[in-house]
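See below for the structure under consideration.
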Amino acid sequence: GLELSHCVGNNPLGPAGPWRSGGPCKMKRVRTVFKPEQLERLEQEFLKQQYMVGTERVDLAATLHLTETQVKVWFQNRRIKWRKQSMEQKAAKLSQFGVIQPVTADSTDIKDHEEDTVDVEL
């Protein structure tokens, strides 16, 4: 499952803002902190294949002592980072040749990004 942080009585940022309406505090998911060995293995697997599915994901998660969801979300986020780096490299090459192309998300980039939205499984 997902780890959730508990409510804290005193908010160090001051009183609740208008968006919190003074109701019961909301539970927030704790961000996963990967160990260097886990990151190294995840990166190695990403270099082999950018999509990890099925039994491969189950096996990798078990080997790294992570949940399937953690592995799945890591791969989703890594693909987004890879696409962003690829676009930046492409823009840099084009600028070397005097071709100026704005770095904005066109409809295909948005479509690809929608595929990688985080899907929390409970």
What residue, of Leu60, Leu66, is in contact with an Asp or Glu (Cβ under 7 Å, 6 or more places away or on another chain) and either outside any helix (DSSP H, G or I) or open to solvent by less than 90 Å² (accessible area, probe 1.4 Å) (or both)? Leu60
Pick from the stretch 69-82 the residues that are surrounded by 14 or more Cβ atoms within 10 Å (Cβ to Cβ) and not hydrophobic (A, V, I, L, M, F, W, C): which of them is farthest from the chain's Cα centre (by Cα)? Thr69
I need the full set of residues from the stretch 33-44 which are open to solvent by 60 Å² or more (accessible area, probe 1.4 Å), part of a loop (DSSP other than H, G, I, E, B) and at pLDDT 95 or above, in order please. Lys35
Open to solvent by less than 70 Å² (accessible area, probe 1.4 Å), in contact (Cβ under 8 Å) with a residue 12 or more places away in the chain and either outside any helix (DSSP H, G or I) or under 18 Å from Pro36 (Cα atoms) (or both) - does that describe any residue in the stretch 83-101? no
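From Leu13, Leu47, grab the single residue that is open to solvent by 60 Å² or more (accessible area, probe 1.4 Å), modelled with pLDDT of 95 or more and either in a helix (DSSP H, G or I) or hydrophobic (A, V, I, L, M, F, W, C) (or both).
Numbers: Leu13 fails: modelled with pLDDT of 95 or more.
After applying the criteria, what remains is Leu47.
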Residues in the stretch 110-117: is at least one basic (Lys, Arg) and modelled with pLDDT of 85 or more? no
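The values are calculated or read from the model by the stated rules, or taken from the named source; none is laboratory data. Everything numeric in this text was worked out from a predicted model, so none of it was measured. FYI the Cβ positions are ideal-geometry reconstructions off the backbone, even for glycines, and counts take in every protein chain you see. Ligands, DNA and RNA are stripped out before the accessible areas are found, and what is left, the full protein with its side chains, is counted by its heavy atoms. Shrake-Rupley method; radii C 1.70, N 1.55, O 1.52, S 1.80 Å.
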